[in-house]
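Take a look at the structure set out below.
The values are calculated or read from the model by the stated rules, or taken from the named source; none is laboratory data. All values reported here derive from a predicted model rather than from experimental measurement. Positions of Cβ are generated from backbone atoms using ideal geometry, with glycine treated the same way; all protein chains shown enter the neighbour counts.
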Amino acid sequence: MYKSNFPLNKPHTYFEKQQFVPLLQEPPHSQLQCIVVIPCFNEPDLITTLDSLWKCDETKFPVEIIAVINSGRNADSNVMDCNNLTLKTMQLWMQKHNSNHRHYQVIHCSDLPPKKRVSGLHVKLVWTKQHTVLV
């Protein structure tokens, strides 16, 4: 994990150039120390991964787990159906599994240009004003 050192009150030129908009629904915990990013493309079994993380020993510090469900504009209907089911399943799963030190979020990007539809995209998608995450 990499936490950026650039000042929060100054714009970061890379993100400005990319016209980047953060996609997380909630800000990170102020004491956040670990972020787990799970890229998902046509992934029917995300819940197995989430269950494995849930069964891990609780940490003494906050952990953010973010699933990035992504597909391109020209994805076939099977991929879109799988991603939509994965999204709904995760949303239901999250209702029962957030805790004081583990917080789960999902980002759903279903209209990506073909050039950006790669597993490395999750690096750009998981950025907040407080943290830049490289995995």
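Report, by residue number, each residue of the stretch 39-56 that is free of Cβ contacts under 8 Å to residues at least 40 places away in the same chain and of a type in the set (A, V, I, L, M, F, W, C). Residue satisfying the conditions is Cys56 alone. The C-beta contact set for the stretch 78-92 (first residue closer than 12 Å to Leu46 by Cα, second residue among the polar types (S, T, N, Q) and not in a helix (DSSP H, G or I), distance under 7 angstrom, 6+ apart or interchain) comprises Cys82/Asn42; Asn83/Asn42; Asn83/Ser71; Asn83/Ser110. Determine which member of the set Ser71, Ser119 is among the polar types (S, T, N, Q), at pLDDT below 90, out of contact with any helix residue (DSSP H, G or I) (no Cβ under 6 Å at 6 or more places or on another chain) and closer than 19 Å to Leu23 by Cβ. After applying the criteria, what remains is Ser119. Considering the stretch 77-111 alone, what residues qualify as being modelled with pLDDT under 90 and either hydroxyl-bearing (Ser, Thr, Tyr) or exposed (fewer than 15 other Cβ atoms within 10 Å of the Cβ) (or both)? Correct list: Asn98, Ser99, Asn100, Ser110, Asp111. Select from the stretch 24-72 the residues that are surrounded by 18 or more Cβ atoms within 10 Å (Cβ to Cβ) and of a type in the set (S, T, N, Q) and list them in ascending order. Those that are surrounded by 18 or more Cβ atoms within 10 Å (Cβ to Cβ) and of a type in the set (S, T, N, Q): Asn70, Ser71.
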